[in-house]
Amino acid sequence: MTFAFRNSRFSSHVAWLILGVWIVLSALFMWRGFYSDYRLFISDSSRLKVEKIPEFGPQSEMTFLHFIDTDCACSRFSLPHIDEVEAAYPSIRHVRVTRDNVASIEREFSTLDWAIASPAVAVVSQEGLLNYYGPYTDSEICGKGDSLVEIVVQSLESNKRFQWMNVLAYGCFCDWPVPLVS
């Protein structure tokens with residue numbers, strides 16, 4: 001009977017140990033899968049060198065350049081929100097920039113070597129000026145918080161012209177995969 005009691009106690013300790021290890025491993029997996037991409041919009045590894053905000057020449061209409069890296073885990077939050085933005089502004093031209101089509105888009109918009117993170121949006125006015133580049137909202141996840149895109153569009157529609165590189169945001173971002181010119 002003493003042996004059975006000790007064996008039961010041993011089994012209980014092993015079960016708690018296994019549960020503890022499982023909890024720790026689950027927490028590490030969750031952090032790696034969800035929180036590891038939460039960072040500043042411009043990470044330490046980014047090589048942002050914008051001496052002059054780009055100008056692209058006159059456009060036929062206001063254009064949104066949606067920077068999307070499908071290999072970035074943050075895309076799971078941004079893609080539904082990008083669809084909502086496109087539906088909310090049907091009169092604005094929308095161009096999705098991915099690692100696969102960036103070369104063809106650069107033929108029209110010159111170089112995009114200033115792009116530093118994904119997901120991101122660039123708003124190019126009809127005059128060909130980059131009026132905004134940065135995250136879609138002021139929240140940590142696309143689709144939550146106040147829409148920065150809406151603020152920019154309203155300002156441009158009321159003829160308020162500005163250029164805003166919003167690189168101080170914090171949220172779910174990945175480095176833009178296209179090599180940047182140093």
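List of remarks:
- Residue among 99, 107 that alone is in contact with a Pro (Cβ under 8 Å, 6 or more places away or on another chain) and either surrounded by fewer than 21 Cβ atoms within 10 Å (Cβ to Cβ) or of a type in the set (Phe, Trp, Tyr) (or both): 99
- Selection of region 64-79 for residues being open to solvent by 70 Å² or more (accessible area, probe 1.4 Å) and either part of a helix (DSSP H, G or I) or not hydroxyl-bearing (Ser, Thr, Tyr) (or both) yields 71, 76.
- Some residue of region 110-126 being modelled with pLDDT of 85 or more and over 19 Å from residue 166 (Cβ atoms): yes
- Enumeration of residues in region 84-139 that are aliphatic (A, V, I, L, M) and part of a loop (DSSP other than H, G, I, E, B): 92, 112, 115, 116
- Residue list for region 56-104, filter: of a type in the set (Lys, Arg) and at pLDDT below 85: 76, 99
- Annotation: of all residues in region 16-55 being under 30 Å from residue 91 (Cβ atoms) and either open to solvent by less than 30 Å² (accessible area, probe 1.4 Å) or assigned to a helix (DSSP H, G or I) (or both), the one that is modelled with the highest pLDDT is 54.
The values are calculated or read from the model by the stated rules, or taken from the named source; none is laboratory data. Because the structure is a prediction, the values reported are computed rather than measured. Cβ sites come from the backbone with ideal geometry, for glycine too, and all protein chains shown count toward neighbours. Please note that ligands, DNA and RNA were not included when accessible areas were found on the heavy atoms of the full protein model with its side chains. Shrake-Rupley method; radii C 1.70, N 1.55, O 1.52, S 1.80 Å.
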